[in-house]
1. Any idea which residue in segment 1086-1125 is nearest to Glu778 (Cα to Cα), counting only those that are open to solvent by 20 Å² or more (accessible area, probe 1.4 Å), among the acidic types (Asp, Glu) and under 45 Å from the mean Cα position of the chain (by Cα)?
2. Name the pairs whose Cβ atoms lie under 7 Å apart, with the first residue in segment 146-166 and under 26 Å from Phe928 (Cβ atoms), the second polar (S, T, N, Q) and surrounded by fewer than 24 Cβ atoms within 10 Å (Cβ to Cβ), and 6 or more positions between them or separate chains?
3. May I ask you to verify whether Pro239 is open to solvent by 70 Å² or more (accessible area, probe 1.4 Å), over 37 Å from the mean Cα position of the chain (by Cα), modelled with pLDDT of 95 or more and not basic (Lys, Arg)?
4. Can you give me the number of residues within segment 678-701 that are outside any loop (DSSP other than H, G, I, E, B), open to solvent by 10 Å² or more (accessible area, probe 1.4 Å) and not hydrophobic (A, V, I, L, M, F, W, C)?
5. Looking at Ser559, Ser529, Ser525, Ser581 in this structure, which one is open to solvent by 10 Å² or more (accessible area, probe 1.4 Å), in a helix (DSSP H, G or I) and either under 30 Å from Leu504 (Cβ atoms) or free of Cβ contacts under 8 Å to residues at least 24 places away in the same chain (or both)?
6. Suppose we keep only residues that are of a type in the set (Gly, Ala, Ser) and surrounded by fewer than 16 Cβ atoms within 10 Å (Cβ to Cβ) within segment 471-501. Which one would you say is nearest to Ser525 (Cα to Cα)?
7. Which of the residues that make up segment 452-476 are in contact with a strand residue (DSSP E or B) (Cβ under 7 Å, 6 or more places away or on another chain) and closer than 17 Å to Leu539 by Cβ?
Amino acid sequence: MLQLSIQRTVAKMGDAVDTLLFFCNGKKVVDHHVDPAMTLLTYLRNKLRLTGSKLGCGEGGCGACTIMVSKYSPKDKTISHLAVNACLTPICSVHGMAVTTVEGIGSTTTRLHPVQERLAKAHGSQCGFCTPGIVMSMYTLLRNRPQPTMEEIESAFEGNLCRCTGYRPILQGYKTFTKEGCCGGNNAACCRNVPSNVDGQEEGVSTKMFDPSEFAPYDPSQESIFPPELMITLKETTPRMQKFASDRVTWFRPVTLRQLLELKANNPQAKVVAGNSEVGVEVKFKNQCYPVLVDITYIPELTSVEKTPSGVRIGASVSLTSVGDYMKEIIQEEPEHKTRVFAAIVEMLRWFAGHQIRNVACIGGNIATGSPISDLNPLLMAAVCTVELVSSSGKRTVNMDGNFFTGYRKNVIKTDEIILAINVPFTSENEYYYGYKQSPRREDDIAIVNAGMRVVLKPGTNEVQDCTIAYGGMAPTTVLATKTMKNIMGRPWSDGLVEVMTPLLLEDLPLTPGAPGGMEPYRQSLTLSFFFKFYLAVLEQIHLKQPGLRGSTMPPSFSSANVPYHKNSARGVQMYQEVPSGQPDSDAVGRPLTHQSAFKQVTGEAVYVDDMPHNEIELYLGLVLSKKAHANILSVDTTEALAIDGVHSYVSADDVPGSNMSGTSQEYDDLLFAEKEVNSIGQVIGVVVADNQAIAQRAAKLVRVEYEELPTVITIQDAIEENSFFPDGYRLRKGNVKEAFDSSDHIIEGELKIGAQEHFYLETITTLVIPGEGGEVEVISASQAPSRIQTMVARALGVAKHRVVSRVKRLGGGFGGKITKSSVYAAICAVAANKVKRPIRLMLDRNEDMMTSGTRHPYLARYKVGVTSYGQLRALEIDMYSNAGSTYDFSVNVLERTMFHMDNCYKCPNVSVNGILCRTNLASNTGFRGFGSPQAMLVAETIMSDIALKCGLTQIKVRDINFYQEGDLTHYGQELKYWNLERCWDECLTKGDYDNRRREVDQYNSKNRWRKRGLAVTPTKFGISFNQNYRNQAGALVHIYNDGSVLVSHGGTEMGQGLHTKMIQVASRTLRIPQEKIHVSETSTSSVPNTSNTAASFSSDLNGMAVKEACETLLHRLEPFIQDNPKGTWESWVDAAYKDRISLSSTGLGKARDVHFNWETCEGEPYAYFVYGVAVSEVEIDCLTGDHQVLRTDIVMDVGDSLNPAIDVGQIEGGFVQGYGLFVLEDYRVSPSGQLLTTGPGFYKIPSFGDIPAEFNVSLLTRAPNPFAICSSKAVGEPPLFLAASIFFAIKDAVQSAREDAGIPRAFRLDSPATAERIRMACQDQFTKQVPPLPESGTFKPFFVRP
C-alpha cells in the first residue's frame, strides 16, 4: 500500500521542475533552471550582480552576508521580516519570498536610508567589508521595531562581526534610533559631555564627533511594501509541493506531512533541511554531498506551537527565534514556578548563535543533529522532554533520556522517521530547573561544556525526590550524570551535599588525557562548578520559601555566584582638541571628517576585488593544498580532476616561466608551488583552473597526492627540544648584567607564553589577474603591498617590472596579513593566467586563508630580572623564542622590533636580550599590527607585575619608580625626546578615577568569594619607522584638472584606516581648497612606482609628506596667477595656468628622517619618534567558570596634532579591541600533527559587539605637537593595540584576589591569551583540586597544542 502511494506521488510529479520565483529589492526574479546547490549569496552576487552582500566566512558566523527575507502568510495575513545569512540560505528556500539587500534600501545616487546615513556619519565604517551586513541587521530590526531599545540593537548584532571599528561608533550611531537616543553632544546635559569623574572640561576640547541634527528622520511609513503581485499570488495559489533540480541536486518543498513521509520513504538518505545552518557547512567545508534535499518549513504540523495542559508542544521545524518568542509569552502568562524550564531555554537561546541563525535554525534540527555540545539538548534531556516521531508506518513517542543518543551524532530516530514535535513540560512548585553554558566567547559561540539541571524536592522539605542532571561537551553525546542522580535521591539539599556529589560527578564524567576537545581538567572543573552553582541557586530558593529550614543558608559572599549576566548598554566619551579658532573653513586638517568611502560602504557600492564584474572568458582557481605538515611528495595524480567538465588545466611548479622562489626581500626561501617537499599543511602544491569556483574547488579535491611523511616540529617547545632554529639570531646588550645581578636585592625568574593571533580580516586574500599583450599583465588585488606584488609577479613570469601593473582599490581589512601571502597568491594567479592565456580570479575561502596565510608570531619568553629592595630595575635578561613557521617571511624584522620593545616604558641600566627564531612546520608567520612589539611589552608588564608583588609595592608605584624620563637613552641607545608618557599616565589615572575605583574594587572583592573584580593600568611606548631606512619613503602624484578638481595618487593602500581621507585633508590644507574638490581613486604602480608597504603605522607620515610636497609644487606654480587675480576663484586660477601652458601635474617624495642601528655595538636610532598611550581597565570574572566581563576602559593617547580625530579615535578603539582579542579571547590551536583546528568564526573567536567595555572612553592628548611628522601628527594604527593588555592585567588582578581567598597569595603565571580556561584554572579552589591533573607532557597525545 505504501509503495503504491509513493509510486503515485512520483508518477504525478514526473520529471516536471518548478520555476523559481521571488522578488529582490522590489523586482521580480524568475529562473526556469535554478541550481538548488547554489546559495542565495552566490545567486545575488553572480546572477543578479548585487555585490553589496559579502562573503566573509561561508558558515554564517560573521554576518557580512546578512540580508532581509520577508514572508507573507496568507493564513495569518501577516508579513514577517527576518535577517538571515545569505551564505547559508539555499536559493530555492526563498521561493515565494521577498529579499532585500543593502542596495535595495538606499544609494548615493538617490538617497541614503537613515540606517546607512547614521552609520556613515557616526564613523561606524572603516574597511567597510562588514558594513552591508551590519546595515541590514539594523534595517531588519527597524522593520520589526521602529523604535528599538539599546538592548534590542545590541542583540540584533550578535551574529555580526567587525575587525576594524571596535564596535562603539556603530552602537553610538544607531543609538539615535532609540527613544533615549544620544544627541551627539549637542545638548549641554548630553551623556557625552559629562564624562565620568571629570569635573571640568579643558578649553578647546570637544566630544562631538558627529551632529545628529543633520540626520534624516526615520519614517517607518516610507519603507518599501511587500510586493503586491507576490502577495496576490500567494493568496490565490493553493500550496503545492515544489521541485527544483539540477544535474547534482534535487530540492523538494512538500506542503503536507503525507508528502514529506512519502519522500522520506522513497529516499531514506534524503537530507531534511530547515535553516541549512548544519547542512550548508557540511557541504561547503566537510565535502558532504546530498543529492536530495527536503525543505520542511511549509508543513503545518511541523511549524505549529501550542500550549497543552502539561506544557508546550513545539513543531520540529519551528525556528529557534519563534521558540524563544513563544516561551517568553508563556512566561508572562503563567506563574513563575510553572515556567522554569522555559526561562532556562530562553536564557540559553540568548547565547545560541546570532539572530541570523536563530531565525532559520529549528528545534528539531538541533535534536536530530545530535551535536555533543548542543546548547538545547542538555536542557531538553534534563527537563525530561518527549519527542514525537512519525514515519509512513505510524507514530511513536520517545523520551529524551540517557538512551536517546546512541553515539556521536546518532540517536534512536530511524532512517524513515522524522521528528514531528517536542513536548516541553511545565515545572511544579517544588521543582527547580537551571541551565548553564561556558564558551570561549559569550555571544554566538559554541559551548565548551553546558548543562541542564533539575531537582524536585519533597513538598515542605529540602529532601530530594527526583533529580536529572545532563551535560554536553563531556562525551560523544549529551549524557546524564547517572551515579550522581541515583545517590542524590533522598538527601537533604543542604550543607555537605556538594562535597558528597562532586566525586560522583567526576566518576560520571571522566575525560581521558587527549580526549576530543582537549582542556580536560577545565571541562571537568566546569561540571563541578555548574553543579555548585545549581546547588546555590536552589538553596537560595529554598531559603526564600522556608527561611528557617536547617542548612538552607549560605554565606553572603557566595550570593553573587549565580548573578545573571547583565551588561549596561555600551557608552563612552571621545575627547579631542578642536582646530584653532582662526583655521580657515577650507582647511580640513584636524577635523573629524567622515571616511572618504563611508557612504559607498554603507550602500554596498564600494567595490572590492571580488565585486568587480566577471569577464566572460575569466577562469577560477581551485587550490591543491598539502595535507601533511612535513613530507616528501611522491606523486601527484590529476587524472580525475582534469576529467571534470569545466576544468581547463592543472598548474604547478613545472609551469612557472620565471622563478618559483618567493619570500621577503631579504630571503627568498619560500616557493609559489611546492616541488619535492612540503613543509606545512596548507602549502600550495598546485592549482586547478576551471570555469567557476564551484567546479575548481570540486576538481581540486580530486587531485591525489602521495606523501612520504617526515618528522614534524609544531610548537616552540618542539623546536627547542629538536634544536630547530633559523640561523639568524639577535643579541642586544647594555651594561654589565652579571655584576648587576650580583648587586641586586631580589632576583625574579619566570616564563610567559604569548599565543598566535589570526588576522581575520573580513575580506580574504583576493586577486584578479588579467594578461595583456606582449607579456603585459594587470594585477588587481586586496594587498597592502602593490609594489611587492609587482615584484613577485614579474619574477614568477620572468619579465621586467614595467610589464606588470599592480592596482589596489581598497582592502576589506589587512592588519599586516596582506603583504607577503597576497603577493604569493598574485604570482600563482599570474602563472596560471600565463598558461591558459585568460584572466584568472581567486578569492580564498575563510578556511583556506586561515590555513595558509600565517598569524601573529607566538612567543615564549624566559626572563630573569634583578631589582633593588624598593623595586627599581637593576638587570634584565630575556630569551625570546619566536615561532617563525616554515620560512622566514617577516620573522627577522618582527624579532628586531620585539627586542627593541622589551623595555616598554621602563629604564633598566643593564640588559641582555636574546632573540631566537624557531623553524616549525606551520604556515610561515608574518606581520601583524604591532609587528612583534605587543608580545615584548606584555613580557615587560608581566615583569613589572612580578616586581610589585615581590617588593610589596602597588602596581602604580612600581611603574612610577621605573619610568624613563625626558632625555634618557633606551637599552638600544636612542634618546627619548618629547617624552609625553607621564602626561598620558597622569591624565588617564585622573580621568579613569583610578584611586577611587581601586578602593571600590578592593571592597567588592572583600565581600564576594566567587566573583572578583580587577583593575589595571598599562602604558605603551611604540617606535615608528620601518626597520630598513630605504623603506621610509613614499611617492605621490597630484593632478589638477582644468575644472579645478584635484586627483591625488599616492603609494599607500586604503584598508579602512582612513589613509585616503587623511591624504585629502593634507592636500586640502596645502592647496588651501575645500576637501570636496579632492579625490583619491586607487593605488597603482603605474601612477606611483616603488611604493613601500602600507604598514608600520607610517603611511600617513610618509605619503602625507609626499602629497604635501607635490601640492606645494603645484601651489608654487599657481602663485603668479593668484597674485595677478587675488579676488579670483580656485577654478579661475587653475584655468589661467592651464591656458598659460603651466603643468598642473606634479610628483612628490616623502622621506622620514634617517634611522639606523648597529647590531655589533647595540646602539643606534631605529625609530623616527615614539607614540605614547595609557589605558585603565576594570573587569569582573566568574571564578567558577572563568567567564569575564569588561566593565570600563579609559584611554589617553598621544597622537600629536590629530589629522582627523574621528579616524584616530576609530583606530584607537579598533586597535584596542583587536588587542583584547590577542590577550584574552583569541585562542589559536592546531593538532599535534599541524592541522589547524580553529578555522573560521565557528571555532576561532574574535571579539564581538557584546565584548567591548560597557564604558569605553578615549581622550587624545592635547597640545602635544610632533615635530617629526606631517602636520605635527603622529602615527596611530598600531600603538593602541597593546593598551588592551590592561584588560589582561585586570583579569590577573581579579584572579590574584581569588587566589588570596584560597590562601595562595604568591605571584602566578598567566599565559596569553587569558582564556576562560586559564582564568578558571588559575582561580584554584576546592573544585580544581579534585580534578585529576594531566599526565606529564610527552606521555600522551594531546587533542590540540598552542604553537
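The values are calculated or read from the model by the stated rules, or taken from the named source; none is laboratory data. Since the model is a prediction, treat every value here as computed from it, not as a measurement. With ideal geometry, Cβ positions are generated from the backbone for all residues, glycine too; neighbour counts draw on all protein chains shown. Heavy atoms of the whole protein, side chains included, go into the accessibility calculation; ligands, DNA and RNA do not. Shrake-Rupley method; radii C 1.70, N 1.55, O 1.52, S 1.80 Å.
1. Glu1109
2. none
3. no
4. Within segment 678-701, residues that are outside any loop (DSSP other than H, G, I, E, B), open to solvent by 10 Å² or more (accessible area, probe 1.4 Å) and not hydrophobic (A, V, I, L, M, F, W, C) number 3.
5. The unique qualifying residue is Ser559.
6. Filtering segment 471-501 for residues that are of a type in the set (Gly, Ala, Ser) and surrounded by fewer than 16 Cβ atoms within 10 Å (Cβ to Cβ), the one nearest to Ser525 (Cα to Cα) comes out as Gly496.
7. Met453, Arg454, Val455, Val456, Leu457, Lys458, Asn462, Glu463, Val464, Gln465, Cys467, Ile469
Residues are listed down the side, and each one gets a yes or a no for (1) at pLDDT below 95; (2) under 29 Å from Glu896 (Cβ atoms); (3) under 29 Å from the mean Cα position of the chain (by Cα):
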{"site": "Ala696", "(1), (2), (3)": "no, no, yes"}
{"site": "Tyr707", "(1), (2), (3)": "no, no, no"}
{"site": "Pro711", "(1), (2), (3)": "no, no, no"}
{"site": "Gln717", "(1), (2), (3)": "no, yes, yes"}
{"site": "Val737", "(1), (2), (3)": "no, yes, no"}
{"site": "Asp745", "(1), (2), (3)": "no, no, no"}
{"site": "Arg788", "(1), (2), (3)": "no, yes, yes"}
